[in-house]
Amino acid sequence: MNPSELPQKERPGERLELDERALEAAKQRLEEGPVTPSYGPWRDDIVKLLNDALATELVCILRYKRHHYTAKGLASPAIAEEFMVHAQEETAHSEQLAERIVQLGGEPDFQPETLTRRSHADYDESKDLKEMIRANLVAERVAIEAYSQMIRLIGDKDSTTRRILEGILSQEQEHAEELSDWLDL
């Protein structure tokens with residue numbers, strides 16, 4: 001039998017104990033706020049991932065708002081209104097990401113000059129309603145893939161960030177489902 005399959009009391013040499021040195025280190029460097037030694041070398045990488053996700057959300061906000069204001073056609077009023085709802089939800093995502101970046105001691109990057117270069121999703125200027133829907137669906141699928149990868153990369157390195165990303169991912173999946181349904185109109 002593998003030792004990991006044994007009941008806890010029967011695992012030779014294994015104990016669930018806290019690292020006392022890490023607890024002592026957490027009492028130091030209070031200026032780092034919630035960033036404790038358990039973040040190890042990952043904090044800067046996580047902040048970069050979050051800033052790239054922030055850029056993606058900001059580009060998505062701009063794309064959805066443009067589509068909201070320029071959508072034309074028989075089905076456009078209802079879909080245009082949903083584009084604005086999606087833009088508002090993407091705004092909430094961007095705020096969550098920026099707040100988490102600050103909590104981690106980083107600075108949210110709102111630099112307009114590099115926004116589209118850092119974004120995982122593209123901006124779109126389609127004029128046809130179906131093309132707008134398609135462009136938004138592509139962007140949502142890209143966001144789903146990016147958030148899924150970030151969640152896997154972060155794993156147990158930062159459970160708070162992982163939970164934030166999981167919540168955003170869930171909403172991005174809802175957006176993609178809705179957009180996919182609209183392609184059939």
For Glu20 and Ser148, FRET efficiency with R0 = 30 Å and r from the beta-carbon atoms, rounded to 0.05?
-> 0.25
Just report the Cα centroid separation between the stretch 161-185 and the stretch 82-157, whole Å.
-> 11
Which whole-number percent gives the relative contact order of the chain, counting Cα pairs below 8 Å spaced six or more residues apart?
-> 23
Mind checking which of Thr70, Leu165, Leu179 is farthest towards the positive end of the chain's charge dipole, using Cβ charges of +1 (Lys, Arg) and -1 (Asp, Glu) about the Cα centre?
-> Leu165
Per 5 Å bin from zero, what fraction in whole % of the C-alpha pairs of the stretch 19-71 is there, up to the bin with the longest pair?
-> 4, 17, 15, 14, 11, 9, 8, 7, 6, 5, 3, 1
Please give the per residue accessible area of the chain, computed with a probe of 1.4 Å over protein heavy atoms only, in Å².
-> 61
How much of the accessible area of the chain, in percent, comes from carbon and sulfur atoms when a 1.4 Å probe is used?
-> 52
Step through the table entries Lys65/Lys130; Lys65/Lys157; Lys48/Lys127, compare each Cα-Cα distance with 23 Å, and write down the pairs that go over it.
-> Lys65/Lys157; Lys48/Lys127
Stokes-Einstein translational diffusion, the chain - Kirkwood Rh over all Cα pairs, 1.306 mPa s, 10 °C, in µm²/s = 85
Ellipticity estimate at 222 nm from DSSP helix runs (n ≥ 4, -39,500 (n - 2.57)) divided over the chain, nearest 500 = -21500 deg cm²/dmol
Theoretical gain in end-to-end length, Glu131 to Asp44 [0.36 nm per residue, Cα-Cα removed] | 27.6 nm
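The values are calculated or read from the model by the stated rules, or taken from the named source; none is laboratory data. Keep in mind it's a predicted model, so treat the numbers as computed, not measured. Neighbour counts are summed over all protein chains in view; Cβ atoms, including those assigned to glycine, are modelled from backbone coordinates with ideal geometry. Heads up: the accessible areas ignore ligands, DNA and RNA and are worked out on the full protein's heavy atoms, side chains in. Shrake-Rupley method; radii C 1.70, N 1.55, O 1.52, S 1.80 Å.
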